[in-house]
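Before any comments, here is the structure.
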Amino acid sequence: MTNPVLVEVTRGDVVESRHRGMIAVVDGGGAVAYAVGDIEAAVFPRSACKAIQALPFVESGAADALGFGDREIAFSASSHSGEDGHAELARQMLAKAGRGVDDLECGAHWSFQQKVLIHQARTREKPDALCNNCSGKHSGFICACVHQGIDPKGYSGYDHPLQAEIRAAMEDVTGAPVGRDLCGIDGCNIPTYAVPLKALAQGFAKLATGEGLSPARAKAGRRILSACMAEPWYVAGTKRACTELMSLAPGKIFAKTGAEGVFCAALPEKGLGIALKCEDGTTRAAEAMVAAVLARFIDDAAIAAKLSDMAATKLKNWNGTDVGAVRAVLPN
């Protein structure tokens, strides 16, 4: 099927660009509350599923054994901007486990955020792996290995015991089988698995409610989402969409972006999970889509209005002149 246009980009009063996509809003039992496009299509969730990948870190007892709280748990499910506070927390987590930057297998890169990159270039000769936007997740991986007595060397590989734990968690939470035939390699070097969009949405509803999960996994899932909602800056960073969405409605919205136009979210009070993808992989469209969907389902009118504003952002040129907008155009 052809996925519909869900976001328009205007210049003046004329539509200049269009973004197609698909959206699934599902409860923990699999009932669909809202669907647009081909929600049975398999997509790589990329970083949008980090809350699932963080389950072994919490379930194993590693987070508690090392004295970690909401900040570190949120960071283990983050795609951060590489700000100084992010790199320092990654360093501290590794140190608690008796490890260091050289144990990270995520690679190094400059921040994707222009202001942070400029700061890094002024204060660093070059970035290290602590600056990687996935260093929080990888620090959590290493802590989980050390606590369980597993050699962390090679933890990013498909056959490593930690990745087997993550694979099992992914199958349990989403209900979708994953394996080598559905496996790709993510930007931070770990396996990533293509799953149906609907299954991904249901998985986040299950994390939010515990429905269909073992008591231990349900407790861990709720703890991870709660930590992210309590410490949104450690999930993303300054002026990032995830941070702003969760800060807008503390404790009511969980949101996590992923590469290539993916976004996952949950509304714990409604028992709903959300998964969406902009078909062409554009982040600006995915951000407009998730804000528009959340606005439809949040009960608070004032918060819904602010979300609607985020779903229709103005575009300005270098002189600060309004030249158009990025706006979600979701069907009813």
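The values are calculated or read from the model by the stated rules, or taken from the named source; none is laboratory data. These figures come from a predicted structure and were not determined experimentally. FYI the Cβ positions are ideal-geometry reconstructions off the backbone, even for glycines, and counts take in every protein chain you see. Note: accessible area is taken over every heavy atom of the protein model, side chains too, but ligands, DNA and RNA are not part of it. Shrake-Rupley method; radii C 1.70, N 1.55, O 1.52, S 1.80 Å.
Rounded to the nearest 0.05, what FRET efficiency do residue 125 and residue 219 have when you use their Cβ-Cβ distance and R0 = 56 Å?
Numbers: r = 44 Å, r/R0 = 0.78.
Computed FRET efficiency for residue 125 and residue 219: 0.80.
Heavy-atom accessible area for residue 269, with the other protein chains in place and a 1.4 Å probe, reaches approximately 140 Å².
Excluding same-chain neighbours fewer than eight residues apart, the aspartates and glutamates reachable from residue 239 by a Cα-Cα span under 18 Å are 83, 84, 231, 287, 309. The H on the amide N of residue 313, modeled in the peptide plane, is under 5 Å from the matching H of 326, each at least 5 residues off or on a different chain.
Based on DSSP H segments of at least four residues, each scored -39500 (n - 2.57), the chain has a per-residue ellipticity at 222 nm of -11500 deg cm²/dmol.
What number comes out for accessible area per residue over the chain if the probe is 1.4 Å? Units Å², please. Intermediate results must be reported in sequence, preceding the final value.
Details: 13540 Å² over 332 residues.
Result: 41 Å² of accessible area for each residue.
For residue 94, neighbours were defined as the other residues whose beta-carbon sits under 13 Å from its Cβ, and their charges (Lys and Arg +1, Asp and Glu -1) total -2.
Just order 253-263, 322-332 by mean Cβ neighbour count inside 10 Å, highest at the front, would you? Write down the numbers at each step before the final one.
Values: 253-263: 25.1, 322-332: 15.3.
Listed from highest to lowest mean packing, they are 253-263, 322-332.
Could you give the distance between the Cα centres of the stretch 63-103 and the stretch 131-156, to the whole Å? Taking the Cα centre of each part, the stretch 63-103 and the stretch 131-156 sit 10 Å apart. A 1.4 Å probe over all protein chains sorts 310, 229 by accessible area into 310, 229, starting with the largest. Here the simple spin-label model places points 7 Å from the Cα toward Cβ, and for residue 314 and residue 269 these points are separated by 3.0 nm. Using the Cβ-Cβ distance between residue 15 and residue 92 with R0 = 30 Å, the FRET efficiency computed as 1/(1 + (r/R0)^6) comes to roughly 0.05.
Sequence neighbours fewer than 8 away in the same chain don't count; with that in mind, list the lysines whose C-alpha is under 24 Å from residue 206. Candidates past the 8-residue exclusion: 50, 137, 198, 219, 252, 256, 270, 277. Spin-label model, residue 305/residue 239: points 7 Å from Cα along the beta carbon direction are separated by 2.5 nm.
Expressed as a whole percent, the accessible area of the chain that falls on carbon and sulfur atoms is 49 (1.4 Å probe).
Once you charge only the Cβ atoms, +1 for Lys and Arg and -1 for Asp and Glu, what is the size of the charge dipole of the stretch 5-328 about its Cα centre, to the nearest 20 debye? Let's see the in-between values first.
Numbers: 35 positive and 37 negative charges, 96 e Å.
The calculation lands at about 460 debye.
At a Cβ-Cβ separation cutoff of 4.7 angstrom, cysteine residues of the chain with no neighbouring cysteine are 49, 131, 143, 145, 183, 228, 242, 264, 278.
Here r is the Cβ-Cβ distance between residue 108 and residue 64 and R0 is 25 Å; the resulting FRET efficiency, rounded to 0.05, is 0.25.
For the chain, the longest principal axis of the C-alpha atoms and the axis of helix 197-209 are separated by about 60°.
Quotient of the Cα radius of gyration of the chain and 2.2 N^0.38 Å, N being its number of residues: 0.95.
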